[in-house]
1. Give me the residue from the stretch 111-131 that is over 16 Å from residue 257 (Cα atoms) and small (Gly, Ala, Ser) and, out of that set, farthest from the chain's Cα centre (by Cα).
2. Restricting the search to the stretch 248-260, which residues are part of a helix (DSSP H, G or I) and buried (at least 22 other Cβ atoms within 10 Å of the Cβ)?
3. Only one of 86, 177 is closer than 30 Å to residue 39 by Cβ and free of Cβ contacts under 8 Å to residues at least 40 places away in the same chain; which?
4. Just to verify a result, which residue in the stretch 62-102, among those that are assigned to a helix (DSSP H, G or I) and among the polar types (S, T, N, Q), is surrounded by the fewest Cβ atoms within 10 Å (Cβ to Cβ)?
5. Can you name the residue in the stretch 161-190 that is of a type in the set (Ser, Thr, Tyr) and under 26 Å from the mean Cα position of the chain (by Cα) and is also nearest to residue 63 (Cα to Cα) among such residues?
6. All but one of (1) of a type outside the set (Phe, Trp, Tyr); (2) surrounded by 15 or more Cβ atoms within 10 Å (Cβ to Cβ); (3) more than 30 Å from residue 52 (Cα to Cα) hold for residue 118; state the number of the condition that does not hold.
7. Filter the stretch 25-42 down to residues that are more than 17 Å from residue 285 (Cβ to Cβ) and of a type outside the set (A, V, I, L, M, F, W, C) and give me whichever is modelled with the lowest pLDDT.
8. Of (1) in a helix (DSSP H, G or I); (2) under 28 Å from residue 44 (Cα atoms), residue 164 satisfies all except one. Which?
Amino acid sequence: MSTLTKMPQQGLISTLRGDRAKRLGPWALGLVALLAALGLQGQLYSGQERTVATIFMFVALAQAWNLIGGFAGYASFGQVVFFGVGGYFTAVAMSHWHFSFWMSLLLSGFVAALFAVIIGIPLLRLKGHYFAIATLGVAEGMREVVTNLTDLTGGGAGITVPTVGNNATTAYLGNDGFYLLFLGLAVLSVIVGGLVARNKFGYALRAINQDEDAAAALGINTTRMKVLTFALSGFITGLVGASYAFQQVTIFPERLFDVDITVLMIIMVVIGGSGTVLGPLLGAVALQFLSEFLRQNFTNLHTFILGAIIIVAVVLLPQGAVNYMREARRTKEFSLLANVRKYRL
């Protein structure tokens, strides 16, 4: 009897250990990746360091878009508006109100989140392409507002963040400082994504993504969930925009509200795997490294080649690389042709 009693206990212990390893494994890998990124910094020259910092920036942006577009299923085509709001708030706060960068950075995140709540309450009543077009319209409209507030934002001539002299409230961070700053934002975004993915909040968002009416029938306050997610996504994007504005020193509406930034976020998430934490991370790293490689080796054709690669990737892996690998491991079906038939035919 004692032997029979021990067997279930041993099975339970091994199951608990397996669950613990499964739960803590991603965080351990994340810690290793963070230490590797910190160690990599000392091996890079200034140009490479700036390139990797840009990759970290897009990791954070892709993770932020994934919250509303991947988990909740609301594709925001105007996500760049939070990037622009965060950047311009920091520029105005530092140049006109003489705030430090660190105070401006935090406030920029909250201002972007508040803006997301204000526009999210009416816009998140829309669905599908109606929501996508509406958010795009908000971004374009906000760019025009910033352009016409000449006294405050500098208008089309741009605004310069004071980084030297008596007006400088915070010393310029340089390549080393911005590398660490964007790395920190990337880590923050991944942690937020990981926490959302593994708690009730994330499960509610997935339910909204699958069938919003059914989620509401189950007692989920879908409006509140969507608005909170939009605000959280805007907060992270606003932080990144504020950091980018300080890095660039002089900013212009055309760049801070450039729709191409949103397009890159979406492509990174779609290629990597929407609704996952690892997908946007891998998508951002792969796409930025590939873009930089093509720019250096195929100067005249790099945009065309990159576009062709993106098209092929989306056709072959419409669910994203991470989701494809999960399905392939579960079904033991690794054929890309079968995957195309499954999702396209």
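The values are calculated or read from the model by the stated rules, or taken from the named source; none is laboratory data. If you're wondering where the values come from, they're calculated on a predicted model, not measured in any experiment. Note that we place each Cβ from the backbone using ideal geometry, even for glycine, and neighbour counts take in every protein chain shown.
1. Across the stretch 111-131, the extreme among qualifying residues is 128.
2. First pass over the stretch 248-260, keeping only residues part of a helix (DSSP H, G or I): 248, 253-256, 259-260.
The answer is 253, 256.
3. Details: 86 fails: free of Cβ contacts under 8 Å to residues at least 40 places away in the same chain.
None of the other options fit; the residue is 177.
4. At the first step, the residues of the stretch 62-102 found to be assigned to a helix (DSSP H, G or I) are 62-71, 80-95, 101-102.
Going one step further and asking which of them are among the polar types (S, T, N, Q), we end up with 63, 66, 90, 95.
Working: 63: 32, 66: 31, 90: 30, 95: 19.
Taking the candidates together, the pick is 95.
5. If we filter the stretch 161-190 for residues that are of a type in the set (Ser, Thr, Tyr), which is where we start, we get 163, 169-170, 172, 179, 189.
Checking the rest, the ones that are also under 26 Å from the mean Cα position of the chain (by Cα) come to 172, 179, 189.
Values: 172: 27, 179: 18, 189: 6 Å.
Going through the qualifying residues, I end up with 189.
6. (2)
7. 25
8. Result: residue 164 passes all but (1).
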